[in-house]
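First the structure, in the form of structure tokens, and then the observations on it.
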Amino acid sequence: MRRIFAIAKRIITQFRRDHRTLGLLVVAPVLLLSLVGVLIRSSSDTVKLGIVNEDRSELGAKLARELRGDNSFNAREIARANAEDELRRGAVSVVIFLDPDFGRRFSSGGQAEIIVMIEGSNPQNDTAAQQKISAALASALPRAITQINAPGGKVATPLLNLNYRYFYGGSQFDQLDYIAPAYIGIFVFFLVFLLTTLIFLRERSQGTLERLFATPVSRVELVLGYMLGFSVFALLQSLFMLLFTVYVMQVHTVGNLGVIFLVQAVLAIGAINLGIFLSTFARTEFQVIQFIPMVITPQALLGDFIFPLDTMPAILQAVGRVMPITYANQALRAVMIRGDGIEAILPQLAVLSGFAIVMILLSAMTLRREVA
């Protein structure tokens, strides 16, 4: 027991002297739990709804009025000719179509139909929108939704048929197809960042950097050389992940695989340089692991991955818009689900490229020659 307690005492003493670890034990849980709590409790779940009301009956006007007054929606009436453009631009996420004979068919006891077109590229938004629309229509038209047991044990035919359609995606897409763009981005970023940080730390601890500083090589040349070396393996990993996702896991993708790989490549280069930059502030592998809850986890929470960016409080939206994962997720989703080409994601590629350049400059400025 004396030897056991001696070992335990040594570990406790080691932790007590490591102020960064002690701080992380308190700071990381407080930060992450607070962030999750704010996202869950404060995020806006209002659905941007467009109403195409071609029904001139009182019922159609009443239904449109109630939807506009429902706090679950940010609703406005739009023209049928503009519906697809509104969905494509993201001005609305759902469009409800009330046909010219909707009120007449419903009032006469016939089966009326409402077409509900969902944008379809963001599974979190789409599922919530479908649930809210069903609930709102059940409240506005209870007689249409409620099924009454008819004589003989049969169920009466409901008066309203909700016909859900998807502007992007569709019935051939399952849940994995919708979340694949996000997990490809976050996995590439996390794995490349972690491996780069650990390997670069080993280069410092073994004295390799100190020897390189004795040569005429400049700091920028040193960072670029390491970046190119790491990039070979990072790009191979990204390519393997993409091919495995598409051909082995059978994830549907509408866009060009080359464009998807380009997004992965630019994101990976940014992650490499972030890893080189942060490895300067670590002296052990354990300290590298400490960066994960402070760097990677907020990217997943605020990067338009778990929580939709446009439903967050304004201050968290501002933080999310400076994170590279946000733009990678948006670009990958646009290509894989919407089928957009490279010209449509140029703004996202520009931001990811800018992030990589900034990380190169920061890495060169903070690179130190001492052994870790």
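The values are calculated or read from the model by the stated rules, or taken from the named source; none is laboratory data. Note that the structure is predicted; figures quoted are calculated from it, not measured. Methodologically, a virtual Cβ is constructed for each residue, glycine included, from the backbone with ideal geometry; neighbour enumeration extends over all protein chains shown.
Matching residues to (1) within 28 Å of GLU86 (Cα to Cα); (2) of a type in the set (A, V, I, L, M, F, W, C):
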site: LEU198; (1), (2): no, yes
site: LEU209; (1), (2): no, yes
site: GLU221; (1), (2): no, no
site: LEU224; (1), (2): no, yes
site: LEU236; (1), (2): no, yes
site: PHE240; (1), (2): no, yes
site: VAL254; (1), (2): yes, yes
Within segment 260-317, the residues that are hydroxyl-bearing (Ser, Thr, Tyr) and surrounded by fewer than 21 Cβ atoms within 10 Å (Cβ to Cβ) are THR280, THR284, THR297, THR311
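Conditions (1) modelled with pLDDT of 70 or more; (2) over 30 Å from MET312 (Cβ atoms); (3) among the hydrophobic types (A, V, I, L, M, F, W, C), marked per residue:
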{"position": "MET117", "(1), (2), (3)": "yes, no, yes"}
{"position": "ASN122", "(1), (2), (3)": "yes, no, no"}
{"position": "LYS132", "(1), (2), (3)": "yes, no, no"}
{"position": "ARG143", "(1), (2), (3)": "no, yes, no"}
Just to be sure before I move on: is PHE189 surrounded by fewer than 22 Cβ atoms within 10 Å (Cβ to Cβ) and within 30 Å of ASP340 (Cα to Cα) in the structure I sent? no
All positions within segment 103-124 that are over 23 Å from ASP304 (Cα atoms) and either β-branched (Val, Ile, Thr) or in a loop (DSSP other than H, G, I, E, B) (or both): SER108, GLY109, GLY110, GLN111, ILE114, ILE115, VAL116
Looking only at segment 9-44, count every residue that is loosely packed, with under 10 Cβ neighbours inside 10 Å and either among the small types (Gly, Ala, Ser) or on the phi > 0 side of the Ramachandran plot (or both) and tell me the total. 0
Looking at ALA91, is it modelled with pLDDT of 85 or more, among the aliphatic types (A, V, I, L, M) and either assigned by TED's automatic domain parsing to the domain that holds ALA318 or farther than 22 Å from TYR168 by Cβ (or both)? no
Check VAL52, VAL47, VAL27, VAL36 and return the single one that is of a type in the set (Val, Ile, Thr), at pLDDT 90 or above and within 28 Å of PRO308 (Cα to Cα). VAL52
Residue check, ARG65 of a type in the set (D, E, K, R), farther than 26 Å from VAL295 by Cα and free of Cβ contacts under 8 Å to residues at least 60 places away in the same chain: yes
Quick check on segment 86-102. Is at least one of its residues part of a helix (DSSP H, G or I) and over 22 Å from the mean Cα position of the chain (by Cα)? yes
Taking the criterion of being under 30 Å from GLN14 (Cα atoms), assigned by TED's automatic domain parsing to the domain that holds LEU332 and acidic (Asp, Glu), would at least one residue in segment 271-293 satisfy it? yes
Got at least one residue in segment 291-310 being at pLDDT 90 or above, assigned to a helix (DSSP H, G or I) and of a type in the set (S, T, N, Q)? no
Could you list, in sequence order, all residues of segment 67-76 that are among the charged types (D, E, K, R) and loosely packed, with under 15 Cβ neighbours inside 10 Å? ARG68
Search result, residues across segment 99-141 that are of a type in the set (Val, Ile, Thr) and exposed (fewer than 14 other Cβ atoms within 10 Å of the Cβ): THR127
Of the residues LEU224, LEU212, LEU191, which single one is of a type in the set (A, V, I, L, M) and touching a residue at least 60 places away in the same chain (Cβ under 8 Å)? LEU224
Condition met for ALA282 (out of contact with any strand residue (DSSP E or B) (no Cβ under 9 Å at 6 or more places or on another chain) and modelled with pLDDT of 85 or more): no
When SER57 is run through (1) free of Cβ contacts under 8 Å to residues at least 40 places away in the same chain; (2) surrounded by 10 or more Cβ atoms within 10 Å (Cβ to Cβ), the failure sits at (1)
Here are some conditions: (1) part of a helix (DSSP H, G or I); (2) in contact (Cβ under 8 Å) with a residue 24 or more places away in the chain. ALA318 meets all but one. Which one does it not meet? (2)
